[in-house]
Amino acid sequence: MANHTGWVDFILVGLFSQSEHPALLCVVIFVIFLMALSGNAILILLIHSDSRLHTPMYFLIGQLSVMDVMYISVTVPKMLLDQVMGVDEISAPGCGIQMFLYLTLVGSECFLLAAMAYDRYVAICHPLRYSVFMNHKVCLLLASGCWFLGSVDGFMLTPITMTFPFCRSREIRHFFCEVPAVMMLSCSDTSVYETLMYLCCVLMLLIPVIVISSSYSFILLTIHRMNSAEGRRKAFATCSSHMTVVSLFYGAAVYTYMLPSSYHTPRKDMVVSFFYTILTPVLNPLIYSLRNKDVMGALKKMVTVGPVSQETTK
C-alpha cells in the first residue's frame, strides 16, 4: 500500500512522446483543430441563418456539429497547451471531468447517428408523412434523448473508474483520460467492472446499430424500386454521406471498447483515438457540406451577400 496513489496528478504520455518531430506534429494538430472549429462553426451558422436549411435533417446535422466542436475541444487544447508549456500532468479531478465530457459526447453521438438514420428512413420511405413523423417537437425530443442517454453513460462510468485505487505508475499511456487507459493503472481487480463496461458499451452501440442497419435496409429497398434515376442518385448520395460518418465513428468505437485487451497496444489505441477524436470532427462538416447542394448554395449566398450589400450601400 506504500505505492498507493489516490487523488494525485496523472502523467499523460501522449502522441508527442511517440513522435520524432513533436513540434511539427503540434503544428499539424493545431491546424486540424482550427479546421474542425471553423468548419463546424460555419455549418452551424449556415443552418441557423438560412431558412432553406430549417429542416429536421439539417437540425440533426447542426447537433452533430455542436457535438464535434465540444468533442475536439475536450482533448486537443489541453494536449497542445501542455506541449507548448512543457507540462504533461493532469489532476485527478481534471481527468475525471475530461473523462465525463468525453463519454457523454461519445454516447450522445452514437444515438444521434441513429436518429439521423431514422430521419433519412422516414424522408425516403415515407415522404408524404415526413412532416408528421419528423415535426419540430419530435426533433427536439430526439436531440434531447441523445444528450440525455450520453450523459447517463458519463455519469455511470466516470465515478466508478475514478474511485478505483491507483497504485501502479501514474503514467496514462494516452493523450487524454480515456477509460481503458486509466483502468490499466488500477491495482485492484477490475474484471467485473470491465465486463459491466463491455455490456454497457454493447448496448450503447448495439441499439443504434440496429436502428441504423434497419433504416438503411429499408432505404436501399426503396431506392432500388425508384423509377427516377435522379431520385435514386440524390437519395444514394445523401445516405452514402451518412454511412461514411457512421462507419468511421462506430468502427473506432468498436475497436476501443469491445475488442479484447489482447488486441490493444498503447500505440494502436492512440492512433485509433486520434482518428475519431481529432480527424472525424474535421471530416464531418466536409462530408455534409461539399457533397450537399443546399449547404453549398447557402454558403455561396452568404459569401456573395457581403459584397452585394456593400455595393448597394455605396
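Helix 56-85 and the longest principal axis of the C-alpha atoms of the chain enclose an angle of approximately 30°. Kindly express, to the nearest 10 degrees and within the range 0 to 90, the angle between helix 229-258's C-alpha long axis and the longest C-alpha principal axis of the chain. Compared with the principal axis, the helix lies near 10 degrees. Largest GNM mean-square fluctuation among Val271, Val192, Val27, using the chain with Cα springs under 10 Å: Val192. In this structure the amide hydrogen of Ile172, modeled in the peptide plane, comes within under 5 Å of the amide hydrogens of Ile11, Leu12, Val13, none closer than 5 places in sequence on its chain. In this calculation the C-beta distance from Lys300 to Leu128 is compared with R0 = 30 Å, giving a FRET efficiency of 0.45. Projecting the Cα positions of Ser169, Pro93, Tyr58 onto the charge dipole of the range 54-208 (unit charges on Cβ atoms of Lys, Arg, Asp and Glu, taken about the Cα centre) puts Tyr58 furthest along the positive direction.
According to the square roots a ≥ b ≥ c of the eigenvalues of the Cα gyration tensor, what is the shape class of the range 1-103, taking rounded for a/c under 1.5, prolate for a/b larger than b/c otherwise, and oblate for the remainder? Here the range 1-103 falls in the oblate category. Dividing the alpha-carbon radius of gyration of the range 122-261 by the rule-of-thumb value 2.2 N^0.38 Å gives 1.41.
Calculated on C-alpha atoms, the gyration radius of the chain divided by its Kirkwood radius gives an Rg/Rh of 1.02. Given a 10 angstrom Cα cut-off, can you work out which residue in Leu283, Leu221, Leu46 is the most mobile in a GNM of the chain? Per the Cα network of the chain with a 10 Å cutoff, Leu221 tops the list.
For the range 191-231 versus the range 13-37, the inter-centroid distance based on Cα atoms is 33 Å. Between 0 and 90 degrees, the angle of helix 280-290 with respect to the longest Cα principal axis of the chain falls at about 10 degrees. Looking at the range 6-130, the accessible area is 43 square angstrom per residue; that uses a 1.4 Å probe and ignores ligands, DNA and RNA.
Applying a 4.7 Å Cβ-Cβ cutoff to the chain leaves Cys26, Cys110, Cys125, Cys139, Cys146, Cys200, Cys201, Cys239 as cysteine residues with no disulfide-compatible partner.
Think of a 1.4 Å ball rolled over the protein heavy atoms: the range 204-297 then has 52 Å² of accessible area per residue. In units of the compact-protein estimate 2.2 N^0.38 Å, the range 45-117 shows a Cα radius of gyration of 1.43. The residue list Val132, Ile29, Leu12 was ranked by how far each Cα lies along the charge dipole of the chain toward its positive end, using unit charges on Cβ atoms, and Val132 comes out on top. The calculated 222 nm mean residue ellipticity attributable to helices in the chain amounts to -26000 deg cm²/dmol, summing -39500 (n - 2.57) over DSSP H runs of n ≥ 4 and dividing by all residues.
With a 1.4 Å probe and every protein chain kept in, tell me what percent of the accessible surface of the chain is carbon plus sulfur. The computed percentage sits at 70.
When the chymotrypsin sites (Phe, Trp or Tyr not before Pro) in the range 5-77 are filtered for DSSP coil states and for at most 15 other beta-carbon atoms within 10 Å of their beta-carbon, the remaining sites are Trp7.
The values are calculated or read from the model by the stated rules, or taken from the named source; none is laboratory data. Predicted model only: the values in this text are computed from it and were never measured. So basically every Cβ, Gly included, is an ideal-geometry build from the backbone, and we count neighbours across all protein chains shown. Each accessible area value is taken on the protein alone, full model and side chains, heavy atoms only, with ligands, DNA and RNA left out. Shrake-Rupley method; radii C 1.70, N 1.55, O 1.52, S 1.80 Å.
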